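Visitor: Got a structure here, written out as structure tokens. Questions coming.
The values are calculated or read from the model by the stated rules, or taken from the named source; none is laboratory data. Owing to the predicted nature of the structure, the values given are computational and were not obtained by experimental measurement. FYI the Cβ positions are ideal-geometry reconstructions off the backbone, even for glycines, and counts take in every protein chain you see. The accessibility values were calculated without ligands, DNA or RNA, using every heavy atom of the protein model including side chains. Shrake-Rupley method; radii C 1.70, N 1.55, O 1.52, S 1.80 Å.
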Amino acid sequence: MREASSVVMEKVREAGLRPTRQRIALASLLFAKGDRHVSAEELHEEALNADVPVSLATVYNTLHQFTDAGMLRILAVEGAKTYFDTNTSDHHHFFVEGENTVLDIDTGSVTVHNLPEPPEGMEIVNVDIVVRLRPKR
């Protein structure tokens with residue numbers, strides 16, 4: 001575990017953030033399971049279950065700090081519901097309605113054509129496509 005936490009500590013430092021105890025604990029939970037999509041509430045619950053004493057506000061703040069530092073990608077899917085994606089590469093998502101589950105779409109299976117020209121002085125950073133799914137009726 002010590003080796004894993006030093007890798008996480010280095011990842012946090014490389015992102016330009018101070019490796020506080022809470023950041024390291026939350027980053028360890030986030031990145032230990034590979035690529036995933038997690039809400040602040042889900043990560044907060046995981047932290048409490050792992051005996052990491054953090055408030056929901058601290059989880060939100062840390063997730064936004066990680067996003068600003070390029071460690072996470074933010075994904076607004078369902079109104080006020082926001083997911084944080086540990087896979088920061090350009091890719092798109094399925095959203096399973098009713099289950100509130102986010103899944104990656106295989107890279108290369110979606111292409112976007114004829115994007116509008118951005119306003120002067122602006123550039124397109126990325127394009128997020130969310131394909132909504134539900135069980136067949």
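Visitor: Right, Leu133: out of contact with any Cys (no Cβ under 9 Å at 6 or more places or on another chain), within 29 Å of Glu14 (Cα to Cα) and either touching a residue at least 60 places away in the same chain (Cβ under 8 Å) or not acidic (Asp, Glu) (or both) or not?
Guide: no
Visitor: Restricting to region 84-104, name every residue that is hydrophobic (A, V, I, L, M, F, W, C), out of contact with any Asp or Glu (no Cβ under 8 Å at 6 or more places or on another chain), closer than 24 Å to Ala27 by Cα and open to solvent by less than 60 Å² (accessible area, probe 1.4 Å).
Guide: Once the filter is applied, which keeps residues that are hydrophobic (A, V, I, L, M, F, W, C), out of contact with any Asp or Glu (no Cβ under 8 Å at 6 or more places or on another chain), closer than 24 Å to Ala27 by Cα and open to solvent by less than 60 Å² (accessible area, probe 1.4 Å), region 84-104 yields only Phe84.
Visitor: Here is a further query. Name the strands (runs of 3 or more DSSP E) wholly within region 50-103 that hold at least 2 residues that are among the charged types (D, E, K, R)?
Guide: 73-78, 81-85
Visitor: Restricting attention to region 63-72, does a residue exist that is open to solvent by 70 Å² or more (accessible area, probe 1.4 Å) and at pLDDT below 90?
Guide: no
Visitor: What pairs come out if I take residues in region 35-54 that are farther than 16 Å from Asn87 by Cβ and touching a residue at least 60 places away in the same chain (Cβ under 8 Å) and pair them with residues that are in a loop (DSSP other than H, G, I, E, B) and open to solvent by 40 Å² or more (accessible area, probe 1.4 Å) whose C-beta lies under 7 Å away, six or more apart or interchain?
Guide: none
Visitor: Sticking with this structure for a sec: Hey, could you check region 10-40 for residues that are in contact with a Lys or Arg (Cβ under 9 Å, 6 or more places away or on another chain) and assigned to a helix (DSSP H, G or I) and say which is most open to solvent (accessible area, probe 1.4 Å)?
Guide: The residue in question is Phe31.
Visitor: Further, regarding this structure: Look through Leu115, Leu48, Leu56, Leu30 and report the one residue that is among the aliphatic types (A, V, I, L, M), over 13 Å from the mean Cα position of the chain (by Cα) and under 22 Å from Ser6 (Cα atoms). Walk me through it before giving the result.
Guide: On the way: Leu115 fails: under 22 Å from Ser6 (Cα atoms); Leu56 fails: under 22 Å from Ser6 (Cα atoms); Leu30 fails: over 13 Å from the mean Cα position of the chain (by Cα).
Answer to the selection: Leu48.
Visitor: Note down all Cβ pairs under 9 Å where the first residue falls in region 58-72 and is more than 20 Å from Glu45 (Cβ to Cβ), the second is assigned to a loop (DSSP other than H, G, I, E, B) and not hydrophobic (A, V, I, L, M, F, W, C), and they're at least six residues apart or on different chains.
Guide: Ala69/Gly16; Gly70/Gly16; Gly70/Thr88; Met71/Thr86; Met71/Thr88
Visitor: Right, something else. Could you tell me whether Ser6 is out of contact with any Leu (no Cβ under 7 Å at 6 or more places or on another chain), without any contact (Cβ under 8 Å) to a residue 24 or more places away in the chain and hydroxyl-bearing (Ser, Thr, Tyr)?
Guide: On the way: out of contact with any Leu (no Cβ under 7 Å at 6 or more places or on another chain): yes; without any contact (Cβ under 8 Å) to a residue 24 or more places away in the chain: yes; hydroxyl-bearing (Ser, Thr, Tyr): yes.
Answer is yes for this residue.
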